[in-house]
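Presented below is the structure to which this report refers.
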Amino acid sequence: MRLQDIAQVIRSKNAGPRKLTLDVMFADDADYRRVASSGALNASRIATLYGLEAQDVAVIEYPLGRAIKITMPRRLTSGDPGDRDVYGAQQHTPLLGIEL
Amino acid sequence: MSAVARVRAQFEGAGRRRSIRLLGASGQLGYGIPTPAFEAGLAREPDLIGCDMGSTDIGPSYLGRGEMATAPDATRRDLRKVLLGARRKNIPLVIGSAGSAGAAPHLDATLAIVREIARAEGLHFRLGVLRADIPKPVLHAALRAGEVRSFDASPPLTEEDIDAASNIVAQMGTSAMQRALAADVDVVIAGRACDTAIFASLPGMIGFPMGLAVHMAKIIECASLCCVPGGRDSILATLDEDGFELESMAPQRRATPVSVAAHSLYEQGDPYTVSEPEGRLDLREARYEAIDDRRTRVTGARWQEASENWVKLEGARLVGERAVLLAGAADPRFIARAETILAEVAEVVRELVCENTPQDYSLFWRVYGANGVRASVPPGEAPPNEVFILGECIAPTRARAAEVVRTMKQYLLHHGYPGRQSTAGNLAFPFTPPEVSIGPAYRFNIYHLMRAHDLDALFPLEVEML
């Protein structure tokens, strides 16, 4: 099963112009626990998908919101010459196919 | 008696305070405030109306150029709506991050609209104006004193960065906003401000717990975005000594414990803490309980006062003039070789427009359908049937940028490559001219923290009678 088959929300957005934050949210507690306990969303795996070092990626579990948050530095500061996504709202797609 | 004084008077005296009601009218003033929910909110007799008007999400251009992101007519319509509502109810109106980026040109443009509305509608009120611009000598002095820090790993600030920035603002917090409210005003319009300051300042000065007030503010500054389904309708928060209740003023939007808790994730790197100039919000003990299927009660947020005040700075500098080329392509052989072709055309153009001088412009290709959004394409992905090519040039002058993209258009159209069959032209132009001059391009060159020894001096207040 891939992450996109179980998550209700998989989204990305800037958290300030220098960071990207991704939220994976679930419809119920069981789905949340299943993914959180699987360890599939770990820093080193996500770092590989985004071409970063594991120490740059923070994975924060947030059970009250049935969500897992992933925060990482942006490749370029938002709006710098050459940026492709000023709001950072379309950088979630590498997560979609993560196998659980 | 001003609106602020009238509201504050209701909370004076001994005994248990009543709860305070705050109406989050808009998370982005200037993009439309739905009237039914706003009017439903006013009918609930709120003690304050707040609107956020800006952020850095929109990128560096607005801060750099000194222009609003919202359309003037839409901005006027929203300002008129909230001003009339606040004056009708005689309650304070607080607007933060005026004009999208909150620097002097944005604030002044917002104030001009407010004055125009007041004249046209015959409104009279005391207006508090808080400025957020950081004078360059102040920042130079802070830098030399070692009182500027990088933020989110921003490169160390230089003297040159300061000199080059076209606008520099700092985010004000509750202390600035409270100074304006204490000046006995009816309306506060602030330059760049923390969105929490808009809503937490009045409850804080009345004596409500700061942790709860800031947490509430963090949620309602986005109007009904914390609901399912999320939306831009006004939201009402009712704050007491132990917690706060949230209720969207649009009947179809439900504030549920999960939807409200999840809002702490939105555009925040960490859902458990929020840092502000005056302190830090700790949400580790926050709890969310349903009152009914449309309302949620929130408790448990804690506030930790800062021992030193640091403000977040934002600055943008000009990097050149931007021009773009817009074109499509559908030929499979062209698409398969697009990356190579674009690099070859860039080289051809460079030789033509630079001859023997160094390249004085930057060129960026984005091939939509392939790598327009993602910097790299995962291996094994099938090639697209069509692509859209955005060629971007940033050059020292508008004329130079236009020259580069016009030349680029011609040579990309006719570039030959091995196996080419479509020898009459490589590109489909949706219209001509396909080259567009965008105007000046900016980047954020200041995103740092500065120690503030005197927050009051940093965010001066002016009071104006309208």
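The values are calculated or read from the model by the stated rules, or taken from the named source; none is laboratory data. What you see is a predicted model, and the numbers here were worked out from it, not measured in a lab. Quick reminder, even Gly has a Cβ in these numbers, built from the backbone with ideal geometry, and neighbours come from all protein chains shown. Just so you know, the surface numbers come from the protein's heavy atoms only, side chains and all, with ligands and any DNA or RNA stripped out. Shrake-Rupley method; radii C 1.70, N 1.55, O 1.52, S 1.80 Å.
Given the conditions (1) among the aliphatic types (A, V, I, L, M); (2) part of a loop (DSSP other than H, G, I, E, B); (3) open to solvent by 60 Å² or more (accessible area, probe 1.4 Å); (4) within 14 Å of chain A (Cβ to nearest Cβ), which single one is not true for residue B:373?
Checking residue B:373 against (1) among the aliphatic types (A, V, I, L, M); (2) part of a loop (DSSP other than H, G, I, E, B); (3) open to solvent by 60 Å² or more (accessible area, probe 1.4 Å); (4) within 14 Å of chain A (Cβ to nearest Cβ), the one that fails is (3).
Is there any pair with a first residue in segment B:49-71 that is more than 14 Å from chain A (Cβ to nearest Cβ) and a second that is in a strand (DSSP E or B) and open to solvent by 10 Å² or more (accessible area, probe 1.4 Å) whose Cβ atoms are under 9 Å apart and which are 6 or more apart or on different chains, and what are they?
From residues that are more than 14 Å from chain A (Cβ to nearest Cβ), the pairs are B:66/B:166; B:66/B:167.
Looking at (1) in contact with a helix residue (DSSP H, G or I) (Cβ under 9 Å, 6 or more places away or on another chain); (2) surrounded by fewer than 16 Cβ atoms within 10 Å (Cβ to Cβ); (3) not assigned by TED's automatic domain parsing to the domain that holds residue B:342, which is the one condition that is false for residue B:458?
(2)
Checking the structure you have, find out if any residue of segment B:228-248 is in a helix (DSSP H, G or I) and open to solvent by 10 Å² or more (accessible area, probe 1.4 Å).
We begin by selecting, within segment B:228-248, every residue in a helix (DSSP H, G or I); these are none.
Scanning segment B:228-248, I find no residue that is in a helix (DSSP H, G or I) and open to solvent by 10 Å² or more (accessible area, probe 1.4 Å), so the answer is no.
Can residue B:288 be described as within 12 Å of another protein chain (Cβ to nearest Cβ) and modelled with pLDDT of 95 or more?
Numbers: within 12 Å of another protein chain (Cβ to nearest Cβ): yes; modelled with pLDDT of 95 or more: yes.
Spelling it out, residue B:288 is indeed within 12 Å of another protein chain (Cβ to nearest Cβ) and modelled with pLDDT of 95 or more.
Which one of B:166, B:201, B:175 is in contact with a Leu (Cβ under 9 Å, 6 or more places away or on another chain), not basic (Lys, Arg) and not assigned by TED's automatic domain parsing to the domain that holds residue B:111?
Answer to the check: B:166.
Could you check how many residues of segment B:312-334 are out of contact with any Lys or Arg (no Cβ under 8 Å at 6 or more places or on another chain) and either within 14 Å of another protein chain (Cβ to nearest Cβ) or open to solvent by 20 Å² or more (accessible area, probe 1.4 Å) (or both)?
Residues meeting the conditions: 11.
Can you tell me which residues in segment B:233-259 are within 23 Å of the chain's Cα centre (by Cα) and at pLDDT below 95?
If the condition is that a residue be within 23 Å of the chain's Cα centre (by Cα) and at pLDDT below 95, then B:259 is the only one that fits.
Just a yes or no: is a residue in segment A:29-48 crowded, with 20+ Cβ neighbours inside 10 Å, within 30 Å of residue B:312 (Cα to Cα) and either in contact (Cβ under 8 Å) with a residue 24 or more places away in the chain or touching a strand residue (DSSP E or B) at 6+ places or on another chain (Cβ under 7 Å) (or both)?
yes
Take segment B:408-426 and flag every residue that is in a helix (DSSP H, G or I) and buried (at least 19 other Cβ atoms within 10 Å of the Cβ).
Result: B:408, B:409, B:412.
Does residue A:32 fit the bill of being within 14 Å of another protein chain (Cβ to nearest Cβ) and more than 11 Å from the chain's Cα centre (by Cα)?
The answer is yes for residue A:32.
If I go through segment B:249-262 residue by residue, how many of them are under 26 Å from residue A:89 (Cβ atoms) and either away from every other protein chain (no Cβ under 14 Å) or open to solvent by less than 20 Å² (accessible area, probe 1.4 Å) (or both)?
Summing the residues that are under 26 Å from residue A:89 (Cβ atoms) and either away from every other protein chain (no Cβ under 14 Å) or open to solvent by less than 20 Å² (accessible area, probe 1.4 Å) (or both) in segment B:249-262 gives 9.
Please state which one of B:278, B:267 is closer than 23 Å to residue B:50 by Cβ, in contact with a helix residue (DSSP H, G or I) (Cβ under 7 Å, 6 or more places away or on another chain) and either crowded, with 17+ Cβ neighbours inside 10 Å or touching a residue at least 40 places away in the same chain (Cβ under 8 Å) (or both).
B:278
Restricting segment A:51-66 to residues that are touching an Asp or Glu at 6+ places or on another chain (Cβ under 9 Å) and in a helix (DSSP H, G or I), which is surrounded by the fewest Cβ atoms within 10 Å (Cβ to Cβ)? Explain how you work it out, then say what you get.
To start, the set of residues in segment A:51-66 that are touching an Asp or Glu at 6+ places or on another chain (Cβ under 9 Å) comprises A:58, A:60, A:62-63, A:65-66.
The next check asks that each one be in a helix (DSSP H, G or I); those that pass are A:63, A:65.
On the way: A:63: 12, A:65: 24.
The extreme case among them is A:63.
Kindly indicate whether residue B:69 is farther than 30 Å from residue B:321 by Cα, of a type in the set (A, V, I, L, M, F, W, C) and buried (at least 17 other Cβ atoms within 10 Å of the Cβ).
Answer is no for this residue.
Please go through segment A:3-17 and give me each residue that is over 11 Å from the mean Cα position of the chain (by Cα) and open to solvent by 50 Å² or more (accessible area, probe 1.4 Å), ordered by number.
Correct list: A:4, A:5, A:8.
Do you know which residues across segment B:104-146 are part of a loop (DSSP other than H, G, I, E, B) and open to solvent by 40 Å² or more (accessible area, probe 1.4 Å)?
If the condition is that a residue be part of a loop (DSSP other than H, G, I, E, B) and open to solvent by 40 Å² or more (accessible area, probe 1.4 Å), then B:122, B:124, B:131, B:135, B:145, B:146 are the ones that fit.
As an exercise: evaluate residue A:16 against (1) within 17 Å of residue B:373 (Cα to Cα); (2) in a loop (DSSP other than H, G, I, E, B); (3) facing chain B (nearest Cβ under 7 Å) and give the number of the one condition it does not meet.
Just one mismatch for residue A:16, condition (1).
Which residue out of B:142, B:120, B:104 is more than 14 Å from chain A (Cβ to nearest Cβ), among the hydrophobic types (A, V, I, L, M, F, W, C), on the phi < 0 side of the Ramachandran plot and free of Cβ contacts under 8 Å to residues at least 60 places away in the same chain?
Numbers: B:142 fails: free of Cβ contacts under 8 Å to residues at least 60 places away in the same chain; B:104 fails: free of Cβ contacts under 8 Å to residues at least 60 places away in the same chain.
Criteria check complete, one pass: B:120.
Of all residues in segment B:336-370 being free of Cβ contacts under 8 Å to residues at least 60 places away in the same chain, under 20 Å from residue A:83 (Cα atoms) and part of a helix (DSSP H, G or I), which is least open to solvent (accessible area, probe 1.4 Å)?
Going residue by residue through segment B:336-370, those that are free of Cβ contacts under 8 Å to residues at least 60 places away in the same chain are B:336, B:338-339, B:343, B:347, B:350-370.
Pick out the ones that are also under 20 Å from residue A:83 (Cα atoms) and you get B:338-339, B:343, B:360-370.
Keeping just the survivors that are part of a helix (DSSP H, G or I) gives B:338-339, B:343.
On the way: B:338: 8, B:339: 155, B:343: 59 Å².
Residue satisfying both the conditions and the ranking: B:338.
Look at residue B:66 and say whether it is under 30 Å from residue A:16 (Cα atoms), assigned by TED's automatic domain parsing to the domain that holds residue B:111 and either small (Gly, Ala, Ser) or in contact with a helix residue (DSSP H, G or I) (Cβ under 7 Å, 6 or more places away or on another chain) (or both).
For residue B:66, the condition - under 30 Å from residue A:16 (Cα atoms), assigned by TED's automatic domain parsing to the domain that holds residue B:111 and either small (Gly, Ala, Ser) or in contact with a helix residue (DSSP H, G or I) (Cβ under 7 Å, 6 or more places away or on another chain) (or both) - is met.
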